[in-house]
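Below: one structure, written as structure tokens.
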Amino acid sequence: MSEETPPDIGTAAAISSAVGHFAALAARGGFAVNDHGGQALLKAIREMLAWIDRERVNFERLRQEPMLGSSYNAEVMKPFMRKVASDESGFITQISEFRESLVSAEKAILQAMANYQEADAQAADRLAKG
């Protein structure tokens with residue numbers, strides 16, 4: 001893979017799996033994030049969650065039959081467009097799974113911030129005793 005070629009991130013299931021590993025790593029104390037970095041990540045996550053929530057009505061419109069007319073081509077495209085929007089690999093399904101992974105990521109970041117606070121407190125205790 002070259003620098004110009006983006007990595008293949010796969011489906012929402014792959015993203016959800018990666019976020020699940022991320023959350024598990026945070027829960028085990030596998031990494032820590034300071035408050036400044038954590039707040040920046042949380043802000044991005046929360047803005048994306050808010051956008052998804054605001055757009056849900058528009059996403060649901062994609063489930064409706066598009067008004068393409070009654071030509072043969074339009075009749076062929078109508079069910080295809082609905083399927084692309086809402087089947088198991090469709091946009092609505094993928095964005096819903098992405099939303100769930102964002103919620104998990106938010107929890108992981110909060111845990112990582114707590115890990116940082118705990119590590120910082122332990123280091124301060126060691127310095128005070130030393």
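The values are calculated or read from the model by the stated rules, or taken from the named source; none is laboratory data. Since we're looking at a predicted model, the values are computed, not measured. In this analysis, Cβ positions are derived from the backbone assuming ideal geometry, glycine residues included, and neighbour counts consider all displayed protein chains. What goes into the accessible areas is simple: the full protein's heavy atoms, side chains included, and nothing from ligands, DNA or RNA. Shrake-Rupley method; radii C 1.70, N 1.55, O 1.52, S 1.80 Å.
Brief remarks on what is shown
- For the set Asp87, Asp35, the ranking by accessible area, highest first and with no ligand, DNA or RNA atoms included, is Asp35, Asp87 under a 1.4 Å probe.
- Heavy-atom accessible surface of the stretch 54-115, averaged per residue, reaches 67 Å², computed with a 1.4 Å probe.
- Per-peptide average of other Cβ atoms within 10 Å, ordering 113-125, 65-77 highest first: 113-125, 65-77
- Share of carbon and sulfur in the accessible heavy-atom surface of the chain [1.4 Å probe, %]: 58
- When volume of the Cα convex hull per residue in Å³ is calculated for this entry, the matching label among [x] 123; [y] 148; [z] 109 is [y].
- From phi via Karplus (6.51, -1.76, 1.60), per-residue ³J(HN,Hα) for the stretch 56-66 in Hz, x at Gly/Pro: 4, 4, 5, 4, 5, 4, 5, 6, 7, 5, x
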